[in-house]
Amino acid sequence: MNFEFQAIYWREMVKFFRFKSTLISSLIQPVMWLAFFGLAMSGSFDQLTAMIPPLEGVRNVDYLSYMGAGIIAMDVLFSSLFGGTSLMFDKKFSLLRETLASPTPRFHIILGVGLSGVTKAFIQTFIIIGFGKLIGMDFFSGYTLTETLISITGIFLLVGIFSLGFLFLSGSIAITIDNPEGMQSILTLFSMPLFFISNALYPIDAFPAVLRFLSMFNPLTLLADGIRYFALGNNFTVMGIHYMYTPADIIISFLGLLFFASVMLSTALWRFEKVDV
């Protein structure tokens, strides 16, 4: 078995830890979202919905905990979507030409970049969960140690698949586009509808029917639902809305994200086979 992807992986990780500005900003940004937006909006939403009578026998979840799952999904989306830009700069400075000319299979280049992005996503997810617990995010409430470990494994598995899908998409764009401004514009164009037509920060129940339908197929919605299932349970209310998840719902989220990642991997492989730098 060949392990050439390890060289690509370690190069990306060394870059991540050596570029202090990138490292610090990527780690602090999700914390700032939780510390400022999360606490501010949580207080407002919880005050507005305080008059709604709770459902008997159903756990009521505060908005901070609901939003925490969305912050994880949103942070992984943006970091993964922009994670492929390193390939564009490698192409611009002819480093990619040397890599492609080496015996390293092109699939290993994609795999190395993808796995490094997954590692970064895991670090960010761990920081968000840890910091969220410190400021009152009610993840894994009432869980035993075994249930908590299973839930964390489920969350990281979903995050890994989701992150790989968007890293493959980002890599495909990076290998196609020649200038950073063009790539920035395309990634922004992708990220805006993905973010707003999702349940990352607010429920989709009040969406118009068309947007609610589109949201069902949004990978960000699938990831946020999966995180909430593992972190908050399968039966809870938030802001007066009753959420019930069945195992079938979570299997659909896993399969949906796997399908998305597989399609993006096929696209990335096709683009890398065609590339001529």
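How many residues does segment 175-193 contain that are in a helix (DSSP H, G or I), among the hydrophobic types (A, V, I, L, M, F, W, C) and either touching a residue at least 24 places away in the same chain (Cβ under 8 Å) or open to solvent by less than 20 Å² (accessible area, probe 1.4 Å) (or both)?
4
Tell me, which residue of segment 46-66 that is of a type outside the set (D, E) and open to solvent by less than 60 Å² (accessible area, probe 1.4 Å) is farthest from D138 (Cα to Cα)?
Restricting to residues being of a type outside the set (D, E) and open to solvent by less than 60 Å² (accessible area, probe 1.4 Å), the top hit is T49.
In the list S215, S266, S262, which residue meets the criterion of being modelled with pLDDT of 90 or more, of a type in the set (S, T, Y) and over 18 Å from S172 (Cβ atoms)? Spell out the reasoning first.
Working: S266 fails: over 18 Å from S172 (Cβ atoms); S262 fails: over 18 Å from S172 (Cβ atoms).
That would be S215, the only listed residue that is modelled with pLDDT of 90 or more, of a type in the set (S, T, Y) and over 18 Å from S172 (Cβ atoms).
Report the residue count in segment 211-224 for those that are surrounded by fewer than 23 Cβ atoms within 10 Å (Cβ to Cβ), part of a helix (DSSP H, G or I) and either hydrophobic (A, V, I, L, M, F, W, C) or touching a strand residue (DSSP E or B) at 6+ places or on another chain (Cβ under 9 Å) (or both).
So the answer is 4.
For the list (1) of a type outside the set (A, V, I, L, M, F, W, C); (2) part of a helix (DSSP H, G or I); (3) at pLDDT 85 or above; (4) open to solvent by 30 Å² or more (accessible area, probe 1.4 Å), I need the number of the one condition that E98 fails.
Checking E98 against (1) of a type outside the set (A, V, I, L, M, F, W, C); (2) part of a helix (DSSP H, G or I); (3) at pLDDT 85 or above; (4) open to solvent by 30 Å² or more (accessible area, probe 1.4 Å), the one that fails is (3).
Determine which single condition T153 fails, assuming it passes every other condition in (1) under 21 Å from Y243 (Cα atoms); (2) at pLDDT 90 or above; (3) out of contact with any Leu (no Cβ under 8 Å at 6 or more places or on another chain); (4) open to solvent by 30 Å² or more (accessible area, probe 1.4 Å).
For T153, the exception is condition (1).
If you go through segment 232-265, how many residues are of a type outside the set (A, V, I, L, M, F, W, C), assigned to a helix (DSSP H, G or I) and open to solvent by 30 Å² or more (accessible area, probe 1.4 Å)?
Result for segment 232-265: 3.
Is segment 74-84 home to any residue that is of a type in the set (S, T, N, Q), surrounded by fewer than 22 Cβ atoms within 10 Å (Cβ to Cβ), farther than 23 Å from T221 by Cβ and out of contact with any Leu (no Cβ under 6 Å at 6 or more places or on another chain)? Lay out the reasoning, then the answer.
The initial filter retains those residues of segment 74-84 that are of a type in the set (S, T, N, Q), namely 79-80.
From what's left, surrounded by fewer than 22 Cβ atoms within 10 Å (Cβ to Cβ): 79.
Filter once more, so that each one left must be farther than 23 Å from T221 by Cβ: none.
Taking every residue of segment 74-84 in turn, none turns out to be of a type in the set (S, T, N, Q), surrounded by fewer than 22 Cβ atoms within 10 Å (Cβ to Cβ), farther than 23 Å from T221 by Cβ and out of contact with any Leu (no Cβ under 6 Å at 6 or more places or on another chain).
Please enumerate the residues belonging to segment 4-37 that are charged (D, E, K, R) and either under 13 Å from Q124 (Cα atoms) or open to solvent by 70 Å² or more (accessible area, probe 1.4 Å) (or both).
R11, R18, K20
Based on what the data block shows, is S172 assigned to a helix (DSSP H, G or I), in contact with a helix residue (DSSP H, G or I) (Cβ under 9 Å, 6 or more places away or on another chain), farther than 20 Å from I129 by Cβ and open to solvent by less than 40 Å² (accessible area, probe 1.4 Å)?
In short, yes.
Pick from segment 194-210 the residues that are of a type outside the set (D, E) and loosely packed, with under 14 Cβ neighbours inside 10 Å: which of them is modelled with the lowest pLDDT?
Step one: filter segment 194-210 for residues of a type outside the set (D, E), giving 194-204, 206-210.
Next, from what is left, pick out any that are loosely packed, with under 14 Cβ neighbours inside 10 Å: 203, 206, 208-210.
Numbers: P203: 85, A206: 78, P208: 87, A209: 90, V210: 91.
Checked segment 194-210; the qualifying residue modelled with the lowest pLDDT is A206.
Considering each residue of segment 107-139, count those that are crowded, with 16+ Cβ neighbours inside 10 Å, of a type outside the set (F, W, Y) and closer than 18 Å to Y66 by Cβ, and give that number.
6
Can you confirm whether A69 is modelled with pLDDT of 90 or more, in contact with a Lys or Arg (Cβ under 6 Å, 6 or more places away or on another chain) and buried (at least 24 other Cβ atoms within 10 Å of the Cβ)?
On the way: modelled with pLDDT of 90 or more: yes; in contact with a Lys or Arg (Cβ under 6 Å, 6 or more places away or on another chain): yes; buried (at least 24 other Cβ atoms within 10 Å of the Cβ): yes.
Judged against the criteria, A69 is a match.
The values are calculated or read from the model by the stated rules, or taken from the named source; none is laboratory data. Treat the numbers as computed from the prediction; the structure is a model and nothing was measured. Neighbour counts run over all protein chains shown; Cβ positions are idealised from the backbone, glycine included. What goes into the accessible areas is simple: the full protein's heavy atoms, side chains included, and nothing from ligands, DNA or RNA. Shrake-Rupley method; radii C 1.70, N 1.55, O 1.52, S 1.80 Å.
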